[in-house]
Amino acid sequence: MPPLNLLRHAPADAVSRLLDRTEPLPASADVVIIGGGIMGCSAAWYLSRANLKVVLLEKNRIASQQSGRNWGFVRSLYRDPAELALAAQALSLWPGLRAELGHETGWRRSGCLFLCADEAERRSYQAWLAEAGGRVSDTRMLSADEVAARFPLVSPRTEGGIIAESDGQAEPTLATLAFARAAVGAGAVVLEDCGVSALDVAGGSIRGVQTEHGPVRAPIVICAAGAQTFRLLQGLDVQLPQKVVRSTVSLTAPLPPMGLPCFVGYGLGLRQRPDGSCIIATDAGTDIDLTLDSLRASRYFVREVVRNRKGFSFRLGKPFINDLHTRLSVPKSDWAIKPRDPDIAPNTHRVRDNRKRFADLFAGMPPVEIVKSWAGNIDVMPDALPVIDAAWPARGLIIATGFSGHGFGLGPAVGSTLAALARGAEPKTDLAPFSADRYLRGAYSRPYAAI
């Protein structure tokens, strides 16, 4: 039984065992879930707990993609106001998950701090706080003197900051696996190495899915397939302008306690873990790997790419070659499955730059040692808001995708919402801002913050 450290992005102390339950492919289910990330696994838990027959299908391993590769922030701070209700629901769920699921998630209420490098950032955070109003709690602006007094390790003189005391953090791989294991314990069938190649739709309704190992019939399908979602929906009359960007993350060797919340400032994102190691990454800096899909729906993104061009780096290399090879050698029906385990290379220049940012920001800390670096493919939408929808384009199909790099912390709330939709119940939050047809209707705006 392979250990989790086969996942190159998982910190060594997050190692535990993969699911050890092997099942034949069921012929039918009440609900089929596509995707073994935190959205799919949490939905599987909430549905199984409600005594529905659930089959979750993952083409690789649970948490093998972005749900295991992200920063681990659980935040309300500086989210698009449309997401704040979901964020509040998630923050109410995270503290009780360890007891509820019976497995470790790594949850800690550590707070979240964004520094103001200049007056423009300070005005932006003040405007957000005013707009958020009563929808955020324990969130306030800090003066420059307050930042200096409370976080003395921060070397530069700042323009202040904004802090959400009730925000926190969790371990991405552990949390996703906790939901998967709990779902299996409640009766769900979780199948890894089982990719979905197509949705089975007839008469405008979902009938199930076609996998590489055969069909599974179900009247309800939750598609939470991350960056591959648009491929699975291509056979339907759907306009889903989903793009993929690559984000690089590093894990440091353990450092002395820094006394920091989850932290963003001066171009660096940082989370110190209980063993002292840190997750560090570039804030608002991503790579765009050019492929034959790059022009698809590009008109939705051009303005934002130009506006924030300093944060994007365009790359033509191995992903283009791999994409071309797939198109020439793999049947189109399998494009949503292959490559099963994509080799997503970290940007070594960003790793180097982040070490320098760390040294500049925390001059009193010892030199940082990078233990390993990895990258993840983030599925983004033009307005950086997700699609969470059960009303379109086929009856019985529920879509959850496009979380644009900030979905992990919302995971429990999204899973609960997807389960409610699958049961025909009323979700706790308004899903109108996340409708799938908003792009077709032109009912969307520019991202609240840079993608």
Among the residues of segment 337-359, write down those that are under 30 Å from Leu199 (Cα atoms) and hydrophobic (A, V, I, L, M, F, W, C). Ile337, Ile344
Would you pick out the residues in segment 374-410 that are over 13 Å from Cys223 (Cα atoms) and among the polar types (S, T, N, Q)? Asn377, Ser404
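So how many residues does segment 202-211 have that are surrounded by fewer than 19 Cβ atoms within 10 Å (Cβ to Cβ) and over 15 Å from Arg231 (Cα atoms)?
5
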With (1) at pLDDT below 85; (2) more than 21 Å from Asp360 (Cβ to Cβ); (3) of a type in the set (A, V, I, L, M, F, W, C); (4) surrounded by 13 or more Cβ atoms within 10 Å (Cβ to Cβ) as the list, and Leu292 as the residue in question, which single condition is left unmet? (4)
Please state which of the following conditions Ser416 fails to meet, knowing it meets all the rest: (1) in a helix (DSSP H, G or I); (2) among the hydroxyl-bearing types (Ser, Thr, Tyr); (3) without any contact (Cβ under 8 Å) to a residue 40 or more places away in the chain. (3)
Condition set small (Gly, Ala, Ser) and farther than 20 Å from Ala384 by Cα, scope segment 238-254, selection most open to solvent (accessible area, probe 1.4 Å): answer is Ala253
Considering segment 328-345, residues that are open to solvent by less than 80 Å² (accessible area, probe 1.4 Å) and either among the aliphatic types (A, V, I, L, M) or not in a loop (DSSP other than H, G, I, E, B) (or both), and then whichever is farthest from Gly226 (Cα to Cα), we arrive at Ser329
The number of residues in segment 346-360 that are touching a Pro at 6+ places or on another chain (Cβ under 9 Å) and open to solvent by 80 Å² or more (accessible area, probe 1.4 Å) is 2
Among Ala400, Ala436, which is the only one that is assigned to a strand (DSSP E or B) and either small (Gly, Ala, Ser) or closer than 24 Å to Ala50 by Cβ (or both)? Ala400
How about segment 191-217: which of its residues are within 24 Å of the chain's Cα centre (by Cα) and among the charged types (D, E, K, R)? Glu192, Asp193
For segment 141-175, enumerate the residues that are more than 28 Å from the chain's Cα centre (by Cα) and not in a loop (DSSP other than H, G, I, E, B). Leu142, Ala144, Asp145, Glu146, Val147, Ala148, Ala149, Arg150
Does Gly235 meet the test of being within 26 Å of Val380 (Cβ to Cβ) and surrounded by fewer than 15 Cβ atoms within 10 Å (Cβ to Cβ)? yes
Pick from segment 385-406, criterion among the small types (Gly, Ala, Ser) and open to solvent by 10 Å² or more (accessible area, probe 1.4 Å), ranking: modelled with the lowest pLDDT: Ala391
What residue, among those in segment 116-154 that are of a type in the set (Ser, Thr, Tyr) and surrounded by fewer than 15 Cβ atoms within 10 Å (Cβ to Cβ), is modelled with the lowest pLDDT? Ser137
Can you tell me which residues in segment 407-451 are of a type in the set (Ser, Thr, Tyr) and buried (at least 24 other Cβ atoms within 10 Å of the Cβ)? Thr417
Taking the conditions exactly as written (without any contact (Cβ under 8 Å) to a residue 60 or more places away in the chain and over 23 Å from Ser298 (Cα atoms)), does Lys356 satisfy them or not? yes
Quick one: Asn308 ticks every box in (1) without any contact (Cβ under 8 Å) to a residue 24 or more places away in the chain; (2) open to solvent by 30 Å² or more (accessible area, probe 1.4 Å); (3) under 23 Å from the mean Cα position of the chain (by Cα); (4) under 28 Å from Glu159 (Cα atoms) bar one, so which box is it? (1)
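The values are calculated or read from the model by the stated rules, or taken from the named source; none is laboratory data. No experiment lies behind these values; they were computed from the predicted model shown. Because the Cβ atoms are built from the backbone with ideal geometry, glycine has one as well, and the counts that use them run over all protein chains shown. With ligands, DNA and RNA removed, areas are computed over all heavy atoms of the protein, side chains included. Shrake-Rupley method; radii C 1.70, N 1.55, O 1.52, S 1.80 Å.
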